[in-house]
1. Please indicate, with yes or no, whether at least one residue in the range B:139-158 is facing another protein chain (nearest Cβ under 8 Å), open to solvent by less than 30 Å² (accessible area, probe 1.4 Å) and within 22 Å of B:VAL213 (Cβ to Cβ).
2. Mind listing whichever residues of the range B:90-112 are open to solvent by 20 Å² or more (accessible area, probe 1.4 Å) and at negative phi?
3. Could you tell me which numbered condition B:ARG59 fails, if it satisfies all but one of (1) within 25 Å of the chain's Cα centre (by Cα); (2) more than 7 Å from chain A (Cβ to nearest Cβ)?
4. Please give the number of the condition A:SER244 fails out of (1) within 14 Å of another protein chain (Cβ to nearest Cβ); (2) surrounded by 14 or more Cβ atoms within 10 Å (Cβ to Cβ); (3) in contact with an Asp or Glu (Cβ under 9 Å, 6 or more places away or on another chain).
5. Is at least one residue of the range B:15-22 surrounded by fewer than 21 Cβ atoms within 10 Å (Cβ to Cβ), in contact (Cβ under 8 Å) with a residue 12 or more places away in the chain and among the basic types (Lys, Arg)?
6. Select, from A:SER54, A:SER79, the only residue that is among the hydroxyl-bearing types (Ser, Thr, Tyr) and more than 13 Å from B:TRP72 (Cα to Cα).
7. When the residues of the range A:90-108 are narrowed to those that are more than 7 Å from chain B (Cβ to nearest Cβ) and at pLDDT 90 or above, which ends up nearest to the chain's Cα centre (by Cα)?
8. All but one of (1) open to solvent by 40 Å² or more (accessible area, probe 1.4 Å); (2) of a type outside the set (S, T, N, Q); (3) within 13 Å of another protein chain (Cβ to nearest Cβ); (4) in contact with a helix residue (DSSP H, G or I) (Cβ under 8 Å, 6 or more places away or on another chain) hold for A:GLU164; state the number of the condition that does not hold.
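The values are calculated or read from the model by the stated rules, or taken from the named source; none is laboratory data. Since we're looking at a predicted model, the values are computed, not measured. In this analysis, Cβ positions are derived from the backbone assuming ideal geometry, glycine residues included, and neighbour counts consider all displayed protein chains. Side chains included, ligands, DNA and RNA excluded: accessible areas come from the protein's heavy atoms. Shrake-Rupley method; radii C 1.70, N 1.55, O 1.52, S 1.80 Å.
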There are 2 protein chains.
Amino acid sequence: MANSRSGDSVIDRIVRVLATFDAEHTEQTPTDISRRAGLPASTGHRLVGDLVRSGVLERDEEGRARVGMRLWELATRGSMALGLRQAALPAMGRVQAAVRQHTQLGVLDGDQVLFLERLSHPDAGANITRIAGRLPLHASSSGLVLLAAAPAAVVERVLAAPLERLAAETIDDPGALRRKLAEVRRLGYAVAPGSIEAVSTGVAVPIRDRGSVVAALGVVLPRGEENDRVVAALRDAAAEIELSLARSSTILATFES
Amino acid sequence: MANSRSGDSVIDRIVRVLATFDAEHTEQTPTDISRRAGLPASTGHRLVGDLVRSGVLERDEEGRARVGMRLWELATRGSMALGLRQAALPAMGRVQAAVRQHTQLGVLDGDQVLFLERLSHPDAGANITRIAGRLPLHASSSGLVLLAAAPAAVVERVLAAPLERLAAETIDDPGALRRKLAEVRRLGYAVAPGSIEAVSTGVAVPIRDRGSVVAALGVVLPRGEENDRVVAALRDAAAEIELSLARSSTILATFES
């Protein structure tokens, strides 16, 4: 792999260019992309041109670039994310219909929760921007569920790092986080009141595939509305998703083969 | 961009590697990837290693590579596909509940329909493999809707190319296709009986954003079940999605800014 003088590879530079795109930056000029990717303008312009020619980026009428449908297709078609979200979507729909609050599916990725899917309450469209978004493990109910089931090395690494305080009630003390993880393991679900916003509480349960926790299913409730019915709805949905995952490996192996 | 002796760029080789992954090939050895990408083994192994180091691919315990969650995140976060499917998902759910058949959302991409979303009937899990899948424009109801609204240059290009016959009833004659497109424009929806499988019929309607057709919403019905109720359900859903798209540009622009 050809490296630039600064030592980063072409792949690293491509990743840096792609990382400049998000829900608030879906279309950008090559100049903005270069600046946000920390690349010299000439390098950035040339790379954007090459990415457009390969269909990884697309150019609109005004010369701004956006993430290409081709890249979405390549990244989605063979992704584990697709199988998981497809297995989860019907049950997530039923949770959302029953609980009538934001319902989300997250996985552990690089010491963070990465959200694969989020169904928003009809009146709360703004949350569409959070799919493919991330949250720290210690600060969300989904993250606590994933961390409670993570290998000891991951737990110790998270406990040793600074625990960012997103809100007044975020757990930012390693001892308190260790006790919270023990509680999550004992209860089989996580409740995180006010850890992101004072007005809301996250509740999440684990989803297992062949014995291992592979995802967390959670809802975001108005503060004070945590109750057994919500936990029961999440657990029923998790059981349904686990059944679907167990079946889907067979289906995937037999379909179109 | 550094080119190999055969003249293809690093980006082209990365795209070829990523294109070897699909629902039937989610985890592959570097040797299989090299073979399916048409790359010399040494080039393929080195490229897979570089892609794993950047998080674009991930390696499992047995040394096989899979598409990384990081690539899915990069490709999804800033993608137009995400906004469109989020705007469409609630209405698609209602179509599926009412019609009780496969419901899908497709866009025009490179003279084909690329499917962004597909909700399967609960008893038909196998169809999960078709998200991020493609179909020829002339052979599917979604494709006919998109082609009927496409620029004349696209229509002429498709009419001039061989029209692949996927089933006995696929329209494979340019004159017949031209007449079918006129019918789709007149009716405002497309019906494609038996064009992919003799036992099923596709019905699709256009979805517009700021006056232009940006997607097609379709259902796959058992043959003979086409009726006005299905078309009405699709039209209601399309109107709802168009309203959501019109609102979402404002929401996306004001949220988190």
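1. no
2. B:PRO90, B:GLY93, B:ARG94, B:GLN96, B:ALA97, B:ALA98, B:GLN101, B:HIS102, B:LEU108, B:ASP109, B:GLN112
3. In the conditions (1) within 25 Å of the chain's Cα centre (by Cα); (2) more than 7 Å from chain A (Cβ to nearest Cβ), B:ARG59 misses (1) alone.
4. (3)
5. yes
6. A:SER54
7. So, considering only residues that are more than 7 Å from chain B (Cβ to nearest Cβ) and at pLDDT 90 or above, the one nearest to the chain's Cα centre (by Cα) is A:GLY106.
8. (3)
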